[in-house]
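Worksheet: one structure, shown below.
Here, each number is a calculation from the coordinates, and none is a lab measurement. This is a predicted model, so every value here is computed, not measured. Positions of Cβ are backbone-derived with ideal geometry, glycine not excepted, and every protein chain shown enters the neighbour counts.
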Amino acid sequence: MTDGQLAGERIITGFSGHHPPKTLRRMISAGRVSGVILFDGNVGGARSVRRLTSELQAIPRPASIPLLVTVDQEGGLVRRLPGPPKPSASASGAWGAAFAERLGTATGASLHSMGVNVDLAPVLDLGGPGRAIEGEGRTFARSPAAVSDIGGGFARGLAAGGVAATAKHFPGLGDARVNTDNAVQKIRLPAAKLRGADEQPYAGFIQSGGAMVMLSTAIYPALSEKPAALSRPIATGELRNRLGFKGVSISDSLGSVSARAVGGPAKTALAAARAGTDLGLFTDLGDAARAQRALARGLANGSLDRAEFEASVTRVLALRSGLKP
């Protein structure tokens, strides 16, 4: 693979419209992007989603394996596509793990039928009074054991339905007062609390063979002064070395207010790669293109560790190759 293609394997992008725009087609054809994220503006009914994903997968590209087609399909307020899950995580949590698993299976089957192969769910953050995640109904419960049990059920269901699950937002966003899309958040919990409670549902997900983990863009001063997705002590130290995660990690949106406080797409893409985050998520196509070029330059000039970079690419390629057609 060329440096440009290696760089592309580390990029997920959003785009506008119900059909792949020319710029995205060119990026896919050149191997400069690994996959896409879909939002409300990309879709109408289920048939239009299937048409769009079929168009994307039909674009000729260097690696003849599926593109990652991702979506935030959590339920409740965060449901981008038609179909399940309609209940919020909080509502699902009240019904328990068996219900969550059945709902996950239905969600996986629905997404798979539309050509979506990655759900950026479940949220494994702990609920808390007065906190954004609980206020939005996006948490299954308040205790680590309950979140692990119920969220793990939903993740198993997704996998049974043919879709890769993504636990988020590591190492835990439950204590944030505001969504990181809208403001910089510092989670001022001691390391012992983060490891003993907030990270526990992720440990269960990892032990059960979970495919993907999304890293938060909040800052955890007890662990690092950088946003988690851009922090080596968290993305590599906590997630891989301490918890033993072997799958694919992905950042939360690097176009969020929290990430933009660090810098533009080139700077955040380089920081994420150096941290050990496998995939940088950009909602804007132009930002994704700038990020890909920055990564390619970093490989060419030696400012990025090539062996580590290629190890990340190997994980992404393995995920893509193993997706259910």
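For the chain, the mean residue ellipticity at 222 nm estimated from helices alone is -11500 deg cm²/dmol, where every DSSP H run of n ≥ 4 contributes -39500 (n - 2.57) and the total is divided by all residues, rounded to the nearest 500.
If you take every residue apart from Met114 with its C-beta less than 15 Å away from the C-beta of Met114, what net charge results, scoring Lys and Arg +1 and Asp and Glu -1? Result for the neighbourhood of Met114: +2. Cα centroids of the stretch 25-87 and the stretch 235-290: 20 Å apart. Indicate the gyration tensor shape class of the chain (rounded, prolate or oblate), computed on the Cα atoms with a ≥ b ≥ c the square roots of the eigenvalues: a/c under 1.5 is rounded; otherwise a/b larger than b/c is prolate and the rest oblate. Oblate is the answer for the chain, as a/c is 1.5 or above yet b/c matches or exceeds a/b. Residues whose amide H comes within less than 5 Å of that of Gly128, counting only those at least five positions distant or on another chain, are Glu134 (H built at 1.01 Å from N in the peptide plane).
Quick check on the stretch 109-206: take the gyration tensor over C-alpha atoms, sort the square-rooted eigenvalues as a ≥ b ≥ c, and tell me if it's rounded (a/c under 1.5), prolate or oblate. Prolate, since a/c reaches 1.5 and a/b exceeds b/c. 3J(HN,Hα) couplings calculated from phi for the stretch 181-191 with the Karplus curve 6.51 cos²θ - 1.76 cosθ + 1.60 (θ = phi - 60°) are, in sequence order, 5, 10, 6, 5, 10, 10, 8, 8, 9, x, 4 Hz; Gly and Pro show x. A simple charge model with +1 on the Cβ of Lys and Arg, -1 on the Cβ of Asp and Glu and nothing else charged puts the dipole of the stretch 163-254 at about 200 debye relative to its Cα centre. Answer with one residue from Phe282, Ala211, Leu223: the one whose Cα lies farthest towards the positive end of the charge dipole of the stretch 178-325, charges on Cβ with Lys, Arg +1 and Asp, Glu -1. It is Leu223, whose Cα lies furthest towards the positive end.
Look at the Cα gyration tensor of the stretch 213-325: its axes a ≥ b ≥ c give a/c under 1.5, and that counts as rounded.
Sequentially through the stretch 289-301, phi angles give Karplus couplings (6.51, -1.76, 1.60; θ = phi - 60°) of 5, 5, 5, 4, 5, 5, 5, 4, 5, x, 5, 5, 8 Hz, Gly and Pro residues having no value and appearing as x.
Of the listed pairs Lys168/Lys226; Lys22/Lys168; Lys226/Lys267; Lys186/Lys267; Lys246/Lys267, which have alpha-carbon separations greater than 23 Å here? Long pairs (Cα-Cα over 23 Å): Lys22/Lys168; Lys246/Lys267.
Using C-alpha pairs below 8 Å separated by at least 6 residues, the relative contact order for the stretch 215-325 is 24 percent. The charge dipole of the chain, taken about its Cα centre with unit charges on the Cβ atoms of Lys, Arg (+1), Asp and Glu (-1) only, comes to about 520 debye. Using θ = phi - 60° in the Karplus curve 6.51 cos²θ - 1.76 cosθ + 1.60, the 3J(HN,Hα) couplings for the stretch 32-43 round to 9, 7, 9, x, 9, 10, 9, 10, 3, x, 8, 9 Hz; x is entered for Gly and Pro.
With R₀ fixed at 51 Å, the C-beta to C-beta distance from Thr23 to Ala98 puts the FRET efficiency at about 0.70.
Within the shell defined by Cβ-Cβ distances under 14 Å, the residues around Arg290 carry a net charge of +4, with Lys and Arg each +1 and Asp and Glu each -1. Relative contact order of the chain: 18 percent, from C-alpha pairs under 8 Å at least 6 residues apart in sequence. Evaluated with a Cβ-only charge set (Lys, Arg +1; Asp, Glu -1), the stretch 204-261 carries a dipole of roughly 140 debye about its Cα centre, given to the nearest 20.
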